[in-house]
Structures are given as structure tokens and as C-alpha cells.
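Just so you know, all these numbers are worked out from the coordinates, no wet-lab data involved. All values derive from a computational prediction rather than experimental measurement. Don't worry about glycine lacking a Cβ; one is built from the backbone with ideal geometry, like all the others, and counts go over all protein chains shown.
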């Protein structure tokens, strides 16, 4: 908790700016050789979102706000949207579990085998085909989740010019909530594109990824880190599609390569010669599958904690109002 973020609109905006700068710097500190959407980066995104929400609750309690006024309704609307989006992310992660499980099962068939018999090659090929079907089914289910549950939320940036007096309402809380709505939308979209589904060509507008330039309220601007993050996300998602997490894409790529090698062995060289690279490919797939499994499990645990924090925050503000 940063003490400067409570009791002052300036302090809260400074807290947002520092958090976004730190997230941007993490891109340079961690080796994202394969792109932005690693599970390590997505974990940092979710941690930052949790931190912003926790500090918003503390900030609200430091303000002298009227009891039972519209500010509480506005917060409840935003926190409800946050809750629903996190549930979709959890569902999206759950949908890829069968893909991971079938991939690890297939890799175990190769483990320790220096030479595959024709029978074993065909058995492994069937396992790889099943793994491919699991990946296709997961992405179709996740695509449906994005269309049916996320698109109606309109997680887009509010780029309309706001009247300063309106943003100053409730001792500046409305302005803070306006900024939080945009920042949260940005962070949620990163998580959704990384872990659920990214629509090619549909998510690259400024309103989807962020306004071109600094976002601010009054004299508050969220800084260079905020702008660089927007640009990096744009560059990452252009031309992309499906589940964007690096570990998922790498595991799927190795799966497809292994399937191709097995098809050449089964249909062109059934005596097992030419299968020298199969063990290496299967091991690479296993490593990426394990990374995906562990990273996804950690993400689900963090999402569960965040959902509890959202529920506790809503209750805390309701109690805060009733006691006042």
C-alpha cells in the first residue's frame, strides 16, 4: 500500500502512474524474446489490477462522500464488470486444461523411447490428433465466451471529452473512477487476449487498445509508461488471433510439429527410421505444456484471490456507508 495514494486525488493518480511505469519497465527487465504475452507478464498485469482495486477502496474511505449517493452505484457497476470479466478469464483458462492434459499424456508415450515401433507411432499420432481437437474445441469455446460475455461489457476506452466539473464530483472520486475504468479496461483486455481469445482485426482500434497519447483527468496525465504499454500491446496483437499467451502458442506449435513428424514416420517410413527427432520435439512440447499448466494454475489462484477481494471491497463500502 502506498500512503500517497489515499486521501488525495493527486496521490491516487501518481500511484496509477507509477504502477503503469513499473509494468512497462518489467517488459525490459524480463526477457520477452517470444513476445509480450508471456504468462509472467500476464501475472504482473493481474497483480497490478489487484493493487489498483485495493487502493481504490482505501482511497474511497478517506474521502468525505455522501452516504448512499450515486458514487456508490457507479463503483458497484464497475466492480460488477470487473467480477464478470475475471470469471470469464477463469473459464477461458479452464477450457484449455484438456488440451494441456492430452498433450502431456502424449509426450509421456515418447519418454525414454529411443525407437518407436510402427504400432507405437500410430498410437502417438492418434494422441496428437486428439490433442489438436482439444485445442480447436478450447479456442472455439473461448471465442464464444468473448462474443457472448465480454463484447456486451464494452471494455473500451472512454475517449469522450469530459466536463471538468463532472469529473470533480464527489470530491474527485468520479474523476478517479473514470481513470480507473479506462486503466482497468486496458489491463483486462490484455488478460482476455492472452488467456481467452483475441479476435484478428477486431481489437486493434485506439478505442480497444487505448487512446493514442497520454490519458489524464484535469492536470493528471498517466505518463510515458502508459503510452508505451499501449503501443507494445498494439504491436503484439496486430495479425494475431486465438489465445495469445506465449506458452500456449509454443505448446501448440510443438504439438503440430510433432504430429507432422509422426505422419511422415507412419505414412512414409513405418519401420521407425527417420524418427530420431521425435523424442526431442516431444520433450520441447512437454516443457511448454508444463509451463502452461503451472502458469495457468497460478493465474487461477490469483484470480480466486482477486474475486474475494472484489467481494470484500463491495461489502466494505456498503458497511462504510451504513455506519456513516
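If packing is taken as the average count of other Cβ atoms within 10 Å, what order do 177-190, 226-239 fall into, highest mean first? Don't skip to the end; give the middle numbers.
Working: 177-190: 21.8, 226-239: 18.2.
The most tightly packed comes first, giving 177-190, 226-239.
Work out the FRET efficiency for residue 141 and residue 80 from their Cβ-Cβ distance, taking R0 = 22 Å, and round it to the nearest 0.05.
Details: r = 24 Å, r/R0 = 1.07.
Efficiency, rounded to the nearest 0.05: 0.40.
At a Förster distance of 22 Å, what's the computed FRET efficiency of residue 97 paired with residue 315, Cβ-Cβ distance as r, to 0.05? Numbers along the way, then the final one.
On the way: r = 31 Å, r/R0 = 1.42.
Using R0 = 22 Å, I get an efficiency of 0.10.
For a label point 7 Å from the Cα of residue 44 along Cα→C-beta, name the residues of region 231-249 whose backbone N is under 14 Å from it.
232-233
Could you work out how much longer the chain between residue 151 and residue 119 gets when fully extended? Use 0.36 nm per residue separation minus the Cα distance between them, nm to one decimal.
Working: separation 32, 0.36 × 32 = 11.52 nm, distance 4.71 nm.
6.8 nm is the gain from fully extending residue 151 to residue 119.
Using alpha carbons only, how many angstrom separate the centre of region 40-89 from the centre of region 124-144?
So the two Cα centres are separated by 35 Å.
Taking the Cα of residue 67, stepping 7 Å toward and past its beta carbon, and measuring to each backbone N in region 282-322: which are under 14 Å?
Counting only backbone N, you get 318-322.
What distance in nm separates the two pseudo spin-label positions at residue 26 and residue 264, each 7 Å out from Cα along the beta-carbon direction?
Result for the modelled spin labels: 4.0 nm.
Could I have the simple spin-label model distance between residue 129 and residue 294, label points 7 Å from Cα toward Cβ, reported in nm to one decimal?
Reported label-point gap for residue 129 and residue 294 is 3.3 nm.
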